[in-house]
Amino acid sequence: MENIFNNKKNEPNATPIINQYDNLKENYYRIFIEAAESIRSALDKFKPESPCTLCTKKCNLETKDIFTDYPVGCKYKEWQAEALSYLNGEYREKLKANYRTIMDKRSDFACNKCGDCCRLAVSEYSYEQLKQRAFRGDKYSDDFVSVFVPYESEEAARKANPEYFDALGDLVESKTYYYYCPKLKDNLCSDYENRPDICKNFPYNPLKLLPSNCSYNEWRNVLSKQAMLLKAKTDIIEFYKQKLG
Ligand code: SF4
Ligand code: SF4
């Protein structure tokens, strides 16, 4: 959502939305396995090397897996604690650095000022829910309701960008609400200096669907593998935290 100077619809390099989704889906499973293996190998570095020759507990566990329920005092239980501490500390910091790299790279690409993101925005929340979330202090919701208003009907939303609308309907499983910004006038942001952070920082996730004319599709294409790896690692460490915490 940059300043909108003109309407460059139907750019020759536009990425059809359905292709964006197919590319992500095809790669995610493979990347998830890659992420799981890399985390397991990072945690194996903390694993005790010597067999339990001195242990009197004689648990007879054949597989010393990180998710095994070890008895108190067992050195493998210490391994679990060390692994958890590593994931919550150093590893999480690495993931944050990865995220910053992805977002910093966005500045290598420029908005083509098509206005599509102002014309059709989506949320899993209704307008009332967004206002309640904003009231409770949610910054994103507060920004959102400060500029966007709901379309009167799904037909009206579809007219704004039929391809984007249809793709969202096909691909997003949850209920979707459609919005537009009345500050878009003659394809210009009429309040550019005062636009909120959600406009300045759009798009903020290289895994979300974008309108096909959006020039940040190029950013997505370049960074999507890195972003998928980051998402997979983030999901996996949440799983480890639940199991080991
Ligand atoms: S304030 Fe409205 S028109 Fe301006 S950039 Fe944000 S969404 Fe677009
Ligand atoms: S959809 Fe993308 S290219 Fe178009 S105005 Fe929004 S950020 Fe810029």
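Scanning segment 195-217 for residues that are more than 10 Å from ligand 2 (Cβ to nearest atom) and either of a type in the set (A, V, I, L, M) or not in a loop (DSSP other than H, G, I, E, B) (or both) yields 197, 198, 200, 207, 209.
Quick check on residue 184: is it more than 16 Å from ligand 1 (Cβ to nearest atom) and either at pLDDT 95 or above or not polar (S, T, N, Q) (or both)? Outline the logic, then answer.
Values: more than 16 Å from ligand 1 (Cβ to nearest atom): no; either at pLDDT 95 or above or not polar (S, T, N, Q) (or both): yes.
No, not satisfied.
Any idea how many residues of segment 158-169 are among the small types (Gly, Ala, Ser) and either at pLDDT below 85 or under 25 Å from residue 131 (Cα atoms) (or both)?
Quick first cut of segment 158-169, residues among the small types (Gly, Ala, Ser) only: 160, 167, 169.
Then keep just the ones that are either at pLDDT below 85 or under 25 Å from residue 131 (Cα atoms) (or both); that gives 160, 169.
The total comes to 2.
Here is a check on your reading of the model: is residue 81 over 25 Å from residue 227 (Cα atoms), modelled with pLDDT under 95 and not in a loop (DSSP other than H, G, I, E, B)?
Numbers: over 25 Å from residue 227 (Cα atoms): yes; modelled with pLDDT under 95: yes; not in a loop (DSSP other than H, G, I, E, B): yes.
Yes; evaluated as a whole, the condition is true for this residue.
Inspect all residues belonging to segment 128-140 and state whether any of them is more than 15 Å from ligand 2 (Cβ to nearest atom) and touching an Asp or Glu at 6+ places or on another chain (Cβ under 7 Å). Yes, some residue in segment 128-140 is more than 15 Å from ligand 2 (Cβ to nearest atom) and touching an Asp or Glu at 6+ places or on another chain (Cβ under 7 Å). For the condition modelled with pLDDT under 95 and within 16 Å of ligand 1 (Cβ to nearest atom), residue 1 qualifies.
Of everything listed in (1) in contact with a strand residue (DSSP E or B) (Cβ under 6 Å, 6 or more places away or on another chain); (2) assigned to a helix (DSSP H, G or I), the single unmet condition for residue 144 is (1). If you filter segment 170-183 down to residues that are under 20 Å from residue 129 (Cα atoms) and surrounded by 12 or more Cβ atoms within 10 Å (Cβ to Cβ), you find that the one that is nearest to the chain's Cα centre (by Cα) is 172.
I'd like to check something: does segment 115-125 contain any residue that is charged (D, E, K, R), in contact (Cβ under 8 Å) with a residue 40 or more places away in the chain and more than 16 Å from ligand 1 (Cβ to nearest atom)? Yes.
Please verify whether residue 107 is of a type in the set (Gly, Ala, Ser), outside any helix (DSSP H, G or I) and surrounded by fewer than 16 Cβ atoms within 10 Å (Cβ to Cβ), treating the condition exactly as stated.
Values: of a type in the set (Gly, Ala, Ser): yes; outside any helix (DSSP H, G or I): no; surrounded by fewer than 16 Cβ atoms within 10 Å (Cβ to Cβ): yes.
So residue 107 fails the test.
The values are calculated or read from the model by the stated rules, or taken from the named source; none is laboratory data. Everything numeric here is computed off the predicted structure, so don't read it as measured data. FYI the Cβ positions are ideal-geometry reconstructions off the backbone, even for glycines, and counts take in every protein chain you see.
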